[in-house]
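Engineer: Next up is a structure, given as structure tokens.
Just so it is clear, none of the values below were taken in a lab; they were calculated from the coordinates. Because the structure is predicted, anything quoted here is derived from the model rather than measured. We place every Cβ from the backbone using ideal geometry, glycine too, and count neighbours over all the protein chains shown.
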Amino acid sequence: MAKEKSNYPEYAEHAASLERVGYIKDAAFAWQVAANYAVKPENRHWAESRSQFCEKWAWRYEKEAA
């Protein structure tokens with residue numbers, strides 16, 4: 001029985017690229033999507049943690065912009 005390939009790396013890379021260009025709110029959502037595709041618990045934990053981090057920073061950026 002062959003192992004199914006995880007789509008997590010593609011989703012995680014997309015989330016990371018959104019962070020790099022400054023789309024923090026979008027990155028938070030993308031990290032949550034990546035977490036849903038993670039097979040390994042450590043990847044799921046990482047993606048959920050990044051999502052929370054981005055949500056916190058997105059809120060701060062919005063507050064400063066107002």
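Engineer: Test of understanding: ordering Glu48, Glu42 by Cβ neighbours within 10 Å, fewest first, what list do you get?
Structural biologist: Lowest to highest Cβ neighbour count: Glu42, Glu48.
Engineer: If amide hydrogens are placed 1.01 Å from N in the peptide plane, which non-local residues have theirs closer than 5 Å to the one on Asn7?
Structural biologist: It is none; the list stays empty.
Engineer: Is the shape of segment 8-59 rounded, prolate or oblate, going by the alpha carbon gyration tensor and its root eigenvalues a ≥ b ≥ c, with a/c under 1.5 for rounded and a/b larger than b/c for prolate?
Structural biologist: Oblate shape, in that a/c is at least 1.5 and b/c is the bigger or equal ratio.
Engineer: Something else: What length, rounded to one decimal in nm, is gained on full extension from Arg20 through to Trp59, with 0.36 nm per residue of separation minus their alpha-carbon distance?
Structural biologist: That works out to 12.3 nm of additional length.
Engineer: Compute the signed sum of charges (Lys and Arg +1, Asp and Glu -1) over the other residues within less than 12 Å, Cβ to Cβ, of Ser17.
Structural biologist: Overall, the nearby charge balance is -3.
Engineer: While we're on this one: With θ set to phi - 60° and the Karplus curve 6.51 cos²θ - 1.76 cosθ + 1.60, what are the ³J(HN,Hα) couplings of segment 6-14 in order, to the nearest whole Hz, using x for Gly and Pro?
Structural biologist: For segment 6-14, the Karplus-derived couplings read 7, 8, 3, x, 5, 5, 5, 5, 4 Hz, x marking Gly and Pro.
Engineer: To the nearest 500 deg cm²/dmol, what mean residue ellipticity at 222 nm is calculated for the chain from DSSP H runs of n ≥ 4 alone, each contributing -39,500 (n - 2.57), summed and divided by the residues?
Structural biologist: So the helix-based figure for the chain works out to -26500 deg cm²/dmol.
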